[in-house]
Amino acid sequence: DNSGMLSNPSAAVSKQVRSAGESVVSLWDSDEPVSRAELLKGVAGAHGLLCLLSDKIDTEVLDAAGPNLKVISTLSVGFDHMAMDEIKKRGVRVGYTPDVLTDATAELTVALLLATARRLPEGVVEVINGGWSTWKPLWLCGYGLSGSTVGVIGLGRIGMAIARRLKPFGVKKLLYSGRTDKSYAAEVEGEYVPLDTLVSESDFVVVSCALTPDTQGLCNKQFFCKMKNTAVFINTSRGAVVNQEDLYRALSSGQIACAGLDVTTPEPLPTDHPLLTLKNCVVLPHIGSATYSTRGIMAELSANNLLAGLQGTDMPSELKF
Ligand SMILES: O=CC(=O)O
């Protein structure tokens, strides 16, 4: 009697769900997100929903689904796109994809950090547009990790994977902040400090926390004012952790050196956004987990989460909330 609405088109997902004997599967068979109207229509009466982080799962969607809904499986580790209180109230289980995207996201964070600090996108453009006149002592100078202090805001799975990768670059001090002190931080000689200390002492501030009411707008004017003028700001978590107007001012006034963002508000960032006029701001289109293999594994995991939810068995990765 189980049916599932898949707003994501992975062939792997579809195959798995069908071969598990799920009789009615409504598949949005495109790499483009499902439209809101199609989602609301397709989810009606469904027992399960597989969604993306770009699908807002709010009261409207839950109401449209109705009382059959037993499980929501999201193809993401983040779950800020879902109205968790409402989901809980209705007794719906939630699956997500932690761990499997940790390495890819940490790698992307390191790539973005280096690209931003060493001004790679600017350099590439100069080569193409003829701005490369000759070798010059101070041209396109940036900032290096060797001997630096790195601050990680949110030393969770991904934050820790970032720290592990950055340490071998010769990082002198690894600071972190968040809700709690982490015993596993010893592996990277991480020092738990108040956020203010991290912000004012770090040469690289890396944001790797979840978006919650506590972290929304955390990186604002006061935050950037405490950073060093030579400091690099990196965010690969969620755009809403940052107040983008305040970041723009910090970057354009020289309050901070540069910023690298893999996440913005909104997504996509409009092409006429002020941040995109700044040479010292590198913006990527939310590609933290975007390796072929990681996305394949995420698709499989989310399909298995969905199936377990439909069958009432243990999920490989259930979100406990
Ligand atoms: O941002 C990506 C995710 O939450 O998986």
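For the range 293-307, give me each residue that is small (Gly, Ala, Ser) and closer than 9 Å to Gly95 by Cα.
Ser302
If you take the residues in the range 22-59 that are in contact with a Pro (Cβ under 8 Å, 6 or more places away or on another chain), part of a loop (DSSP other than H, G, I, E, B) and among the hydrophobic types (A, V, I, L, M, F, W, C), which one is least open to solvent (accessible area, probe 1.4 Å)?
Out of the qualifying residues, it is Leu52.
Within the range 241-251, can one find any residue that is within 16 Å of the ligand (Cβ to nearest atom), surrounded by 19 or more Cβ atoms within 10 Å (Cβ to Cβ) and within 25 Å of Gly178 (Cα to Cα)?
yes
Is it fair to say Gly260 is in contact (Cβ under 8 Å) with a residue 12 or more places away in the chain and open to solvent by less than 30 Å² (accessible area, probe 1.4 Å)?
Here the answer is yes, as Gly260 does meet what is asked.
Mind checking whether some residue in the range 296-310 is outside any strand (DSSP E or B) and without any contact (Cβ under 8 Å) to a residue 40 or more places away in the chain?
no
For the range 114-130, check the following and say yes or no: at least one residue is within 25 Å of Thr212 (Cβ to Cβ), surrounded by 18 or more Cβ atoms within 10 Å (Cβ to Cβ) and at pLDDT 95 or above.
No: the range 114-130 contains no residue that is within 25 Å of Thr212 (Cβ to Cβ), surrounded by 18 or more Cβ atoms within 10 Å (Cβ to Cβ) and at pLDDT 95 or above.
Would you confirm whether or not the range 252-272 contains a residue that is more than 17 Å from Gly239 (Cα to Cα), within 16 Å of the ligand (Cβ to nearest atom) and in a helix (DSSP H, G or I)?
Within the range 252-272, none of the residues are more than 17 Å from Gly239 (Cα to Cα), within 16 Å of the ligand (Cβ to nearest atom) and in a helix (DSSP H, G or I).
Quick check on my filter: what residues within the range 254-305 are charged (D, E, K, R) and under 23 Å from Gly78 (Cα atoms)?
Answer for the range 254-305, where residues must be charged (D, E, K, R) and under 23 Å from Gly78 (Cα atoms): Asp262, Glu267, Arg295, Glu300.
When only residues in the range 264-286 that are within 22 Å of Gly142 (Cβ to Cβ) and among the hydrophobic types (A, V, I, L, M, F, W, C) count, which is most open to solvent (accessible area, probe 1.4 Å)?
Only one residue tops the list, namely Leu276.
Within the range 62-97, restricting attention to residues that are of a type outside the set (A, V, I, L, M, F, W, C) and open to solvent by less than 10 Å² (accessible area, probe 1.4 Å), which residue is nearest to the ligand (Cβ to nearest atom)?
Among residues in the range 62-97 that are of a type outside the set (A, V, I, L, M, F, W, C) and open to solvent by less than 10 Å² (accessible area, probe 1.4 Å), the one nearest to the ligand (Cβ to nearest atom) is Ser76.
With the checklist (1) over 26 Å from Ala83 (Cα atoms); (2) open to solvent by less than 40 Å² (accessible area, probe 1.4 Å); (3) part of a loop (DSSP other than H, G, I, E, B) in hand, flag the one item Cys209 doesn't pass.
(1)
Keeping to the range 200-220, report how many residues are of a type in the set (Val, Ile, Thr) and in contact with a strand residue (DSSP E or B) (Cβ under 6 Å, 6 or more places away or on another chain).
Here the count works out to 3.
Okay, residues lined up against (1) in contact (Cβ under 8 Å) with a residue 40 or more places away in the chain; (2) touching a Phe, Trp or Tyr at 6+ places or on another chain (Cβ under 9 Å); (3) closer than 21 Å to Ile287 by Cβ; (4) open to solvent by 30 Å² or more (accessible area, probe 1.4 Å):
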site	(1), (2), (3), (4)
Asp103	yes, no, yes, yes
Leu138	no, no, no, yes
Leu145	yes, yes, no, no
Val152	yes, yes, yes, no
Val171	no, yes, no, no
Tyr184	no, no, no, yes
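Read through the list (1) of a type in the set (Lys, Arg); (2) surrounded by 15 or more Cβ atoms within 10 Å (Cβ to Cβ); (3) out of contact with any helix residue (DSSP H, G or I) (no Cβ under 8 Å at 6 or more places or on another chain); (4) not in a helix (DSSP H, G or I), then give the number of the only condition that Lys228 fails.
For Lys228, the exception is condition (3).
The values are calculated or read from the model by the stated rules, or taken from the named source; none is laboratory data. What you see is a predicted model; the values in this text were computed from it and never measured. Counting neighbours? That spans all protein chains shown, and the Cβs are built from the backbone with ideal geometry, glycine included. Ligands, DNA and RNA are stripped out before the accessible areas are found, and what is left, the full protein with its side chains, is counted by its heavy atoms. Shrake-Rupley method; radii C 1.70, N 1.55, O 1.52, S 1.80 Å.
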